[in-house]
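Worksheet: the structure to be examined is printed underneath.
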Amino acid sequence: MIPYSFPYFGPFIFKAQINNQQVEEIKKLCIKDKTKDHSRKLAGHIKEEYEIDSNRYHQVMTPYLDTYCEGYEKFYDKKFKGTGLTTKQVWVNFMKAGEYNPPHHHGGCRFSSVVFLDVPPQIKKEADAFHGTSHPPGSIEFVVHIGDVQEYIACYRHFPQKGDALIFPANVTHTVYPFQCKATRVSVAANYLTI
């Protein structure tokens with residue numbers, strides 16, 4: 001066999017698993033408060049999206065944000081500009097049947113994340129039974145457009161589990177596919193600035 005290597009290429013999308021205690025800590029922040037309705041400021045076709053306390057969220061996520069910065073330096077083989085990340089804004093998504101996020105990216109920040117707090121088993125069952133050619137219901141997809149390039153992996157698809165945390169550059173286009181079962185999936189999205 002011929003030894004070979006290949007370079008990292010594309011945006012750095014970080015995936016980690018937060019533990020159950022951290023999931024529960026973040027869930028305590030996710031109160032449905034109509035005075036904090038955030039849905040009109042977002043791209044999603046999701047009725048229940050509410051701002052949550054960014055300082056308390058940041059306290060839970062700090063180890064993951066620090067690790068993202070370390071991974072960034074390894075992935076890009078260059079120093080991270082700044083000393084870390086600060087949380088700009090955070091919101092919870094209570095996603096129900098038929099709701100979705102169209103392709104979008106986040107503005108006014110440098111990085112973004114999503115943490116999945118509750119992924120009901122009915123959604124996984126629906127995804128497993130899916131037989132189409134697109135991505136399965138309930139999955140999140142990251143896409144990079146560079147024109148008509150042959151032999152190029154232009155997307156990363158992920159079907160989430162409870163506790164999954166994804167951190168990525170805010171300008172990476174992403175979308176969340178709808179599911180049809182009667183269930184509510186809870187996720188938290190956040191935007192970050194460098195410090």
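Only a single criterion out of (1) farther than 22 Å from Leu65 by Cα; (2) buried (at least 18 other Cβ atoms within 10 Å of the Cβ); (3) within 17 Å of the chain's Cα centre (by Cα) is not satisfied by Ser113, namely (1). Of the residues making up the stretch 37-79, those that are closer than 19 Å to Gln89 by Cβ, in contact with a Leu (Cβ under 8 Å, 6 or more places away or on another chain) and hydrophobic (A, V, I, L, M, F, W, C) are Ile52, Leu65. Here Gln17 fulfils each of the conditions (1) within 23 Å of Phe159 (Cβ to Cβ); (2) surrounded by 16 or more Cβ atoms within 10 Å (Cβ to Cβ); (3) not hydrophobic (A, V, I, L, M, F, W, C) apart from (2). Only residues that are farther than 14 Å from Arg185 by Cβ and in a loop (DSSP other than H, G, I, E, B) were counted in the stretch 34-51, giving 3. May I ask you to list the residues in the stretch 134-172 that are closer than 20 Å to Val119 by Cα and among the hydroxyl-bearing types (Ser, Thr, Tyr)? Once the filter is applied, which keeps residues that are closer than 20 Å to Val119 by Cα and among the hydroxyl-bearing types (Ser, Thr, Tyr), the stretch 134-172 yields Ser139, Tyr156. Residues that are modelled with pLDDT of 95 or more and acidic (Asp, Glu) within the stretch 2-39 comprise Glu24, Glu25, listed in sequence order. When the stretch 142-169 is filtered for residues that are under 27 Å from Arg56 (Cβ atoms) and more than 10 Å from the chain's Cα centre (by Cα), the ones remaining, listed by number, are Gln161, Lys162, Gly163, Pro169. Across the stretch 98-108, the number of residues qualifying as crowded, with 16+ Cβ neighbours inside 10 Å and farther than 23 Å from Pro169 by Cα comes to 1.
Among residues of the stretch 144-173 that are free of Cβ contacts under 8 Å to residues at least 60 places away in the same chain and under 23 Å from Gly107 (Cβ atoms), those with a Cβ under 8 angstrom from a residue that is among the hydroxyl-bearing types (Ser, Thr, Tyr) and in a loop (DSSP other than H, G, I, E, B), sequence gap 6+ or separate chain, pair up as Ile146/Tyr152.
The values are calculated or read from the model by the stated rules, or taken from the named source; none is laboratory data. For clarity, every value in this text was computed on a predicted model and none was experimentally measured. A quick note on method: Cβ atoms are made from the backbone with ideal geometry, for glycine too, and the neighbour counts reach across all protein chains shown.
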